[in-house]
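**Q** What follows is a single structure, and I will ask about it in a moment.
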């Protein structure tokens, strides 16, 4: 089960990187998108098979390469954000923890506690997550949401779950989602309090603030 989750995580990573690459190509040249999409689909399926056939050492090397690339992308994004906000290095350093908190909570609100595969037996219970995120850094709200989702999945996996069990777990999941959104709203308001109107507008355009 653990190895299966690792393989699925690597498949997600490969798909994300493929989409990022395709997005860069589309941004430079409109071209024949339908043809490119067909080639992308074929490449994605081939990539999935390759990942399944990898040894543990090869998977670890792949994780390291993705982690390095993700760190470079994060650094480039931070540099662009600093320029857009017209902040000095010292000013951005002071704001960066609040920015990263909003980014993490935004990411968690979109992934924690969601299982597109449906019933818990098919897919990762508790929802998808960024493989580069450290579980130790996961917010309490995201962990509670993940646990509530897993609890509901366990009930749905039963042969004949009772209506009361489903309602109880569903209520807990909804409450956890509300708590997740409350945490994100509070983090955004904290960050907003240190921004000029122009800087706030820049972060709204980026989707970091609402």
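The values are calculated or read from the model by the stated rules, or taken from the named source; none is laboratory data. Keep in mind that what you see is a predicted model, and the values were worked out from it rather than measured. All Cβ positions, glycine included, derive from the backbone under ideal geometry; neighbour counts span all protein chains shown.
**Q** For the stretch 196-206, what are the residues that are part of a loop (DSSP other than H, G, I, E, B) and free of Cβ contacts under 8 Å to residues at least 60 places away in the same chain?
**A** 196 - this is the single residue of the stretch 196-206 that is part of a loop (DSSP other than H, G, I, E, B) and free of Cβ contacts under 8 Å to residues at least 60 places away in the same chain.
**Q** Going by what's in this entry, would residue 83 be described as out of contact with any helix residue (DSSP H, G or I) (no Cβ under 9 Å at 6 or more places or on another chain), in a helix (DSSP H, G or I) and at pLDDT 90 or above?
**A** Yes.
**Q** Within the stretch 117-139, identify whether any single residue is assigned to a helix (DSSP H, G or I), over 22 Å from residue 179 (Cα atoms) and modelled with pLDDT under 95, and answer yes or no.
**A** The answer is no, given that none of the residues of the stretch 117-139 is assigned to a helix (DSSP H, G or I), over 22 Å from residue 179 (Cα atoms) and modelled with pLDDT under 95.
**Q** Could you list all residues from the stretch 173-185 that are surrounded by 17 or more Cβ atoms within 10 Å (Cβ to Cβ) and under 16 Å from residue 155 (Cα atoms)?
**A** 173
**Q** Checking residue 102 against (1) surrounded by 13 or more Cβ atoms within 10 Å (Cβ to Cβ); (2) on the phi > 0 side of the Ramachandran plot; (3) at pLDDT 65 or above, which single condition isn't satisfied?
**A** Single failed check for residue 102: (2).
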